[in-house]
Amino acid sequence: MARCSISGLCTVGSDGHRALTNGNRDTVSSSVPLRARTRHATPAAHVPGGAYAGGVRGLLIANAGDADAGFVGARFRQVFGICFGHQTAAHALGGSVHRAPAPEIGWYDVDSDVPDVIARGPWMQWHYDVVTVPTGAEVLARTEVGPQAWRMDRTFCTQFHPEATESMLASWSREAGAAELAAIGSSSEQLMADARRYVATSRPHAERLVDWFLDDVN
């Protein structure tokens, strides 16, 4: 059995924006033994209906080590891939994933073709790999390292983390994360100082991005 942690993008905040949320989270079991980054579609019949019931309008795939690429291949809902989900979706739809020339860990500006949708940033990143997008995908933002956002049909992906919060980054930057930061000449203290500086501005950018995703990527 393959398992994939997903979240429904259906929460509406007090300000009217839809948000990236852990609400409505379901761990979905597939009877098809798929591993991450395999090109294989999971039939909808193999997915419990409860995960897709109610007000769920899109699927969020992010940072699950065993994320199942088959859910991307099926595409019976809008899919928003983040970081590892960005890479999983690229491979599932015919692209590829390979080691980046340099890691991107920290807050980075992006070169956006649609700044009214994807702000320049800065956006939080933590990755060592880069994608070659599938044939037919439209790259919407990039850095010198590689694609940062792309769209293909009902799938939209970002290499950066629009959902980043101070508490999330505090957890990431402990222990092994602290060692990764030290290896690139940074530190947990520097990451958190940057988070306190940038999270407040990245949140409205993320809200605008999710609003666009739910309204236009369909």
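The values are calculated or read from the model by the stated rules, or taken from the named source; none is laboratory data. Please read these numbers as outputs of a predicted model, since none were measured by experiment. When we count neighbours, we look across all protein chains shown, and the Cβ atoms used for this are built from the backbone with ideal geometry, even at glycine.
Working only within the stretch 52-103, note down all residues that are part of a loop (DSSP other than H, G, I, E, B), of a type outside the set (Gly, Ala, Ser) and either at pLDDT 80 or above or over 13 Å from Pro134 (Cβ atoms) (or both).
So in the stretch 52-103, the residues part of a loop (DSSP other than H, G, I, E, B) come out as 53-57, 63-68, 75-77, 83, 93-95.
Checking the rest, the ones that are also of a type outside the set (Gly, Ala, Ser) come to 56-57, 63, 66, 68, 75-77, 83, 93.
Hits for the stretch 52-103 are Val56, Arg57, Asn63, Asp66, Asp68, Phe76, Arg77, Cys83, Leu93.
May I ask you to list pairs of residues, at least six apart or on different chains, whose Cβ atoms are under 6 Å apart, with the first in the stretch 77-91 being within 24 Å of Trp107 (Cβ to Cβ) and in contact (Cβ under 8 Å) with a residue 24 or more places away in the chain and the second being among the aliphatic types (A, V, I, L, M) and part of a helix (DSSP H, G or I)?
That search, which allows pairs on different chains as well, returns Gly81/Ala89; Thr88/Ala69; Ala89/Val72.
Across the stretch 155-181, what is the total count of residues that are buried (at least 22 other Cβ atoms within 10 Å of the Cβ), closer than 17 Å to Gln125 by Cβ, among the polar types (S, T, N, Q) and more than 9 Å from the chain's Cα centre (by Cα)?
1
In the stretch 97-121, what residues are over 22 Å from Val199 (Cβ atoms) and among the hydrophobic types (A, V, I, L, M, F, W, C)?
Passing the criteria: Val97, Ala100, Ala102, Val114.
Which count do you get for residues in the stretch 182-203 that are within 29 Å of Gly95 (Cα to Cα) and either among the aliphatic types (A, V, I, L, M) or exposed (fewer than 13 other Cβ atoms within 10 Å of the Cβ) (or both)?
Number satisfying all stated conditions: 1.
I'm checking my understanding of the structure. Among residues of the stretch 106-123 that are at pLDDT 95 or above and either assigned to a strand (DSSP E or B) or on the phi > 0 side of the Ramachandran plot (or both), which one is surrounded by the most Cβ atoms within 10 Å (Cβ to Cβ)?
It comes out as Trp123.
Between a residue in the stretch 181-208 that is touching a residue at least 60 places away in the same chain (Cβ under 8 Å) and farther than 18 Å from Pro162 by Cβ and any residue that is part of a loop (DSSP other than H, G, I, E, B) and of a type in the set (Gly, Ala, Ser), which pairs come within a Cβ distance under 8 Å, given they are 6 or more apart or on different chains?
As it stands, the answer is Leu181/Ser173; Leu181/Ser187, since those pairs meet every condition given.
For Met124, state whether it is free of Cβ contacts under 8 Å to residues at least 24 places away in the same chain, under 17 Å from Met192 (Cα atoms) and within 16 Å of the chain's Cα centre (by Cα).
no
Taking the options Arg142, Arg174, name whichever one is charged (D, E, K, R) and touching a residue at least 24 places away in the same chain (Cβ under 8 Å).
Arg142
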